[in-house]
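Throughout, read-outs are computed from the coordinates displayed, never taken from laboratory work. Remember, predicted model here, so these are calculated numbers, not experimental data. Every residue, glycine as well, gets a Cβ built from its backbone with ideal geometry; the counts of neighbours run over all protein chains shown.
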Amino acid sequence: MSASPTARRIAATVLAAGAMVSIVALPASAHDDDRHRTPKVEISRVQADSPGRDNRTNRSLNAEWVEITNNTRHSVNLDGWTLKDEDGHRYKFNDVRLAGRSTIRIHTGEGRDTRTDLFQDRRNYIWDNRSDTATLRDDRGRTVDTESWGGRHHHRHH
């Protein structure tokens, strides 16, 4: 019986140490993110304004893209997921597996889909250079992530 206070003291020390570690392990970006955690899958980058003149060539259309990153270690099947702009243009993912810790780029123009690049096969730009919102939804229609840019209060001209 004499070992029990010591064992209890060790357990308490271990618990305290565990609590310390979890405080330190919080990501630095947590406080400027209202979700307090990194989303499993997120819109990581958007290039809404393709470099050079907007001359509607396929090369220019494909320089307009949205990147989606899987922050987990496990692959995610994006089948049935959608990517939408404010005007309601919708791109639907078809049986795309996004590997763990990887990023896929969704181009506006035409091309051959690969593991790292998908193509919407459009002949027109969809992301508004000045302001727009990209919304990623899962196969149940739940919003996974949104990314907005530009002035929110401007009326958009077409």
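Packing, taken as the mean count of other beta carbons within 10 Å per residue, orders the peptides 42-54, 59-71 from highest to lowest as 59-71, 42-54. When only alpha carbons of region 51-126 are considered, Rg and Dmax amount to 12.9, 40 Å. Summing Lys and Arg as +1 and Asp and Glu as -1 over all other residues whose Cβ lies under 14 Å from the Cβ of THR116 gives a net charge of +3.
Most tightly packed first, judged by the mean number of other beta-carbon atoms within 10 Å of their residues, the peptides 89-96, 138-145 read 89-96, 138-145. Considering the dipole of region 85-158 built from charges on the beta carbon (Lys and Arg +1, Asp and Glu -1) around the Cα centre, which of ASN129, THR143, HIS89 is farthest to its positive end? Of ASN129, THR143, HIS89, it is THR143.
From most to least packed by mean Cβ count within 10 Å, the peptides 72-78, 114-120 give 114-120, 72-78.
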